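Below you'll find the structure, written out as structure tokens, and then a few comments.
Just so it is clear, none of the values below were taken in a lab; they were calculated from the coordinates. Everything numeric here is computed off the predicted structure, so don't read it as measured data. Ideal geometry is used to build each Cβ from the backbone, glycine not excepted, and the neighbour counts take in all protein chains shown.
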Amino acid sequence: MNLEKFYLRKLPVSICPTWRKISLDGEVKKHKAILLKQPYTLVLEEIPTPTPSGEAVLLRVLSAGICHSDVLRWRGELPCPEGRRAGAGTHEVVGEIVARGEEVPEPFKEGLKVLVCSQATYIKEDQYTRVGLTHHTKNEFFGGMQEYILLPHYRCLVSVEGLEDIHAAAPLACAGLTAYGAIKKLRCFIKPGDHVAIIGLGGLGLYAAQWANTLMPYAKLIGVDLKEEALNFASKIAKFSMLINASKEDPIKVINDAVGGEGIRGVVDFVGKPETISKYLNVVGHLGAYIIVGVMGDKITILNLRDIVTKEITIQGSFMGSLQDQYEVVEFARSGLINYRAVVTRRLKFDVEEVSKAFIDLDQGKVIGRQIVEISK
């Protein structure tokens, strides 16, 4: 019996279109992976370890971060294609190259520590990839909560050599990148002395506050959250001119009093509920911008349309970031201009019970900062 054909037949093609061969040295090589079997159910299993060919690269996963979108897949609220079930869908990954296809260039050699830019794992070139907007095309990514992971193309890998804490760099692949993209969009609206508000100081907001300090040090930063512990933690990581607990005081009144009722120049909303958008749009002044990152709601109704028109307010969505953005994010971290280590508040073992609890805690709002699972040393 042809074992290679047998195992390829057993694996759905959708798992990874670049898997051309399973390593066979007398027996199939396998590794451990935490799989999402069905909503709310993670299990630890052994799955075949692929051999890369062509432009593909095999990584030994060092750590994987747990993102809120992973929790939505865990709950069954977001689709989880077959390929994402392996590795529990996690897309914040750093690892070490252990094998590469024959078409992978020398700079991406064995032993190199890399971060996976999940927004650059596309298979097909199109109008977006040709201009560097890789996050606007269809990307194929495979869950990182496993000991090894095959990436279809080396272009999605960004070297993290030189970082002091490579394990803690995993969230830079999503949380750090997404927040960076949002602040870059806002930056062109902001002048020295302008006020900028960040709504939601969770895993993304903590990075955004640092990006605002780094990219717009001349702005006066306002942080808003419902949790006192989140505000306290944020105050240790970034510099704010004002922190507001929206569960204890009226944030609109506090902000308007601070700026004399003239409105502020920019808002970055990491919550994205109809309630937050309709509320905080009221504090945006003339020629200001409202950047929406969070998607905690569905449809929104713009109540103050006349103000938006007469004040020429810009409302813009912000999704992830490009491959170029990812290189910039890592370089800022390497240069010490963002404290990526402090944002990581939980380092978990590669244990299905511990990882399951991490999903539950994040789902229940018990996590301040970001969680990573250290899979290999």
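A few remarks follow.
- For LYS311, the aspartates and glutamates whose Cα comes closer than 18 Å to its Cα, not counting residues fewer than 8 places off in the same chain, are ASP194, GLU262.
- Among the listed pairs LYS185/LYS279; LYS253/LYS357; LYS253/LYS273; LYS113/LYS227, a Cα-Cα separation exceeding 28 Å is found for LYS253/LYS357; LYS113/LYS227.
- Separation of the LYS248 and GLN364 label points, Cα + 7 Å toward Cβ, nm: 2.4 nm
- Over all projection directions, the Cα-based convex hull of the range 176-317 averages an area of 7.5 nm².
- Put the Cα centre of the range 174-193 next to the Cα centre of the range 54-126 and the gap is 25 Å.
- Put the Cα centre of the range 282-297 next to the Cα centre of the range 310-354 and the gap is 20 Å.
- Sequence-separation-based contact order of the range 176-317, relative, with Cα cut under 8 Å and 6+ spacing, percent: 22 percent
- Residues of the range 121-164 with amide N under 19 Å of the 7 Å Cα→Cβ point at GLU45: 141-150
- Extension reserve of the GLU374-GLU161 stretch, reckoned as 0.36 nm per residue once the Cα distance is removed: 74.9 nm
- Structure-based [θ]222 nm, the chain - -39500 (n - 2.57) summed over DSSP H runs of at least 4, per residue, nearest 500: -7500 deg cm²/dmol
- The Rg/Rh ratio for the chain, using Cα coordinates for both the radius of gyration and the Kirkwood hydrodynamic radius, is 1.00.
- Screening the chain for whole DSSP H helices of 15 Å or more along their axis (Cα) with average Kyte-Doolittle hydropathy at least 0.0 returns 175-187, 203-215, 352-363.
- Beta bridges by DSSP in the chain, antiparallel share as percent, to the nearest 5: 55 percent
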